[in-house]
1. Scanning the range B:19-30 for residues that are without any contact (Cβ under 8 Å) to a residue 24 or more places away in the chain and not charged (D, E, K, R), which turns out farthest from A:Tyr51 (Cα to Cα)?
2. Just to be sure I understand the filter: pairs with C-beta atoms under 7 Å, separated by 6 or more residues or on different chains, first member in the range B:31-44 and more than 7 Å from chain A (Cβ to nearest Cβ), second member surrounded by 23 or more Cβ atoms within 10 Å (Cβ to Cβ) and not in a helix (DSSP H, G or I). Which pairs pass?
3. So is A:Leu21 buried (at least 20 other Cβ atoms within 10 Å of the Cβ), more than 10 Å from chain B (Cβ to nearest Cβ) and either more than 21 Å from B:His42 (Cβ to Cβ) or in contact with a His (Cβ under 6 Å, 6 or more places away or on another chain) (or both) or not?
4. Quick one: is A:Thr49 out of contact with any His (no Cβ under 7 Å at 6 or more places or on another chain), part of a loop (DSSP other than H, G, I, E, B) and among the hydroxyl-bearing types (Ser, Thr, Tyr)?
5. Tell me which of these A:Arg83 doesn't satisfy, since it passes every other one: (1) part of a loop (DSSP other than H, G, I, E, B); (2) within 30 Å of B:Phe57 (Cα to Cα).
6. Quick check on the range B:45-76: of everything there that is more than 9 Å from chain A (Cβ to nearest Cβ) and among the charged types (D, E, K, R), which residue is nearest to B:Arg8 (Cα to Cα)?
7. Which one is nearest to B:Arg56 (Cα to Cα), of the residues in the range A:24-79 that are hydrophobic (A, V, I, L, M, F, W, C), surrounded by 19 or more Cβ atoms within 10 Å (Cβ to Cβ) and within 14 Å of another protein chain (Cβ to nearest Cβ)?
Amino acid sequence: MTKELAAVPLTPAVFHILFALAGGDKHGYEIARQVGEDSLGRVTMGTGTLYGSIKRMLAEALIEESGRRPAPELDDERRRYYRLTEQGRRALEAELQRYARVVAVARRRDLLAST
Amino acid sequence: MNRGGAGRRVRAQRWYRFIVRLYPAAHRRAFGDEMVQMFGDHYRDAVGSGRVSRWRFWRSVLADAGRSLVTEYIAAIRAGAGWPGRLRRRNRRWRQRRSAPYRRDAVTRTGRPGRGGRRGRRRRYRRPACRPVRVVAKTRRHRLVYRGRFSSLVLLAVLLGAVLAAGTVTGHTGVAAIVAGAVVLAWLAYRIRLDRLVPAGPHGDGPAPPGGASVREPRRPLPMCPGGSAARPRPDQEPPGQAVALI
């Protein structure tokens, strides 16, 4: 088993953060809002949970602090922006492939209504 | 947001800063300011826009803080950082000191001290885990002792806080109180002991042993007399003054 696949399955919080960051660099609150949008409001990520997950993901090199910042009129210097690392992108892909396999099996067994 | 709303937001951020202070120092230093800022943004978008009531907002914030506090402290204890780590290291040193005399002359399972066990590996005697005893209350004949570590008491307090917070958030306060009470009772039954004190003396506070004798010394061989038969020469040997070994 490769190192990237060893991290799969990801915890829901880590998966949602990786999924949110797949669209581009974001700061903490933007990530939380994106998670709410992606999950159609079903997942709300609190501040403590979000920064706890960010800390662990930084330690595991799934994300990193981004050097790029938006335009100065839109920027707040106190904010930190995060982005996916290559390892984080691979972990997200592996997790999505795992979901896709599960969905395919569920379809084959008629467990999932086709949409 | 109007001026009153902005003032409320600043006050709410001040309260949240207090909550952030409860996190482990390393986490607080790394993300404390960002967390307060994100909280302010969240407050503005949720409560300031009237989308969520203040009560509901604070309820979700406290539930999230309770969960993440427990998670962060467990992570800090595992990583050995901050005061949880110091406490753990101190406990480990304390245990090592307690078992040091046993470790010096290591005893194998075969009962041969200082020799290797299976495959020639040195198997050390491990003293069974012991718990420190602290006297909680004491009378003339009894004493109430707490057998455990301070860190486990802190963990119990955190656990109770989490249970009560979860009960408050989900609206099952009664159930949470019953669970917390049961946890406390179980903890007390496990950790608190009532010891009976025995007065110092040869027989304790009980009757004297049968026969009425006090402490009896074991029989010892009589000392050999310096001028006894062993030292006395036989008539056909050298005169006194030279020792003779008897086989």
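A short reminder: the numbers here are calculations on the coordinates, not readings from a lab. Remember, predicted model here, so these are calculated numbers, not experimental data. Every residue, glycine as well, gets a Cβ built from its backbone with ideal geometry; the counts of neighbours run over all protein chains shown.
1. Looking at residues that are without any contact (Cβ under 8 Å) to a residue 24 or more places away in the chain and not charged (D, E, K, R), I get B:Val20.
2. That search, which allows pairs on different chains as well, returns nothing.
3. When the stated conditions are applied, A:Leu21 does not pass them.
4. Taking the combined requirement at face value, the residue does not satisfy it.
5. The one condition A:Arg83 does not meet is (1).
6. B:Arg54
7. By that ranking, first place goes to A:Met45.
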